[in-house]
Amino acid sequence: MPERQSTNDNNPFAPPPEGQPDQPWQPRHPEGSDGSASGPGWSASQPGRSSDGFGRRPDQPSGGGQGGGQGGPDGGQGPGLRWDPTDPAQRRARYAVLSGMWAFFFSFFVQELALLLGALGAYWAISALRTRPKPPEGPQSPATLAATATAARSKQTAAIAGLVTASVALMIVASGFAVHLAYRDFYECRADALTKQSQLACNDLLPKPLQDTFGVRE
């Protein structure tokens, strides 16, 4: 029978001493330790939690006991956020900016789509400007009031920008419709023409200043 290995308290898989009956397995701790510092927990010599959450112990919450982190205990946004996505007025202001920009772009190509986007942008912009700002939740500290004022200015700027771009797009579309209505004979002649020469002859139905802009080019 081979000689049994010597006991090693640091080795949980070491055999029991000779002459001692087998016992159920249990963690073995170094001499002089009560077992409270070992196991899956973090060592006391580990560094503390940093500002970005790195080094947090597994038994600590994500916020580290400081108001739930940046979002606060209720999971809301920090006080420095420029706009609150839960505020309907601020959402409409952003929608107005996007709709106005795309309406201006499509006003030179697809006027029907530009008309729809421009109308939506103007509606959202006016609605955002008429809506009162969302009151801040919780205690109204100076930081919270400053963040509310910043969000209100950001909403107003976005709504005005959306209203301007949507209005310009609507003016371009309206001008195009007005030209089509005023010189309907020219557009009907151009649509019915079968050759390039007949299309060029339709330019006589336009005033001289407009032939270079709206007329058929050679």
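The values are calculated or read from the model by the stated rules, or taken from the named source; none is laboratory data. Since this is a predicted model, take the numbers as computed values, not measurements. Heads up, the Cβs are rebuilt from the backbone with ideal geometry, glycines too, and the neighbour counts pull from every protein chain shown.
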(message) Given the criteria buried (at least 16 other Cβ atoms within 10 Å of the Cβ), in contact (Cβ under 8 Å) with a residue 12 or more places away in the chain and part of a helix (DSSP H, G or I), does A151 qualify?
(response) yes
(request) Please tell me if G162 is under 28 Å from the mean Cα position of the chain (by Cα) and under 18 Å from Q90 (Cβ atoms). (result) yes
(request) Search the range 193-211 for residues being of a type in the set (A, V, I, L, M, F, W, C) and surrounded by 11 or more Cβ atoms within 10 Å (Cβ to Cβ), and hand back the single one that is modelled with the lowest pLDDT. (result) L210
(message) Can you find, within the range 164-196, the residue that is nearest to G118 (Cα to Cα) among those that are assigned to a helix (DSSP H, G or I) and of a type in the set (F, W, Y)?
(response) F177
(message) Restricting to the range 104-132, and then to whatever is in a loop (DSSP other than H, G, I, E, B) and either of a type in the set (S, T, N, Q) or under 23 Å from the mean Cα position of the chain (by Cα) (or both), can you tell me which residue is surrounded by the fewest Cβ atoms within 10 Å (Cβ to Cβ)?
(response) R132
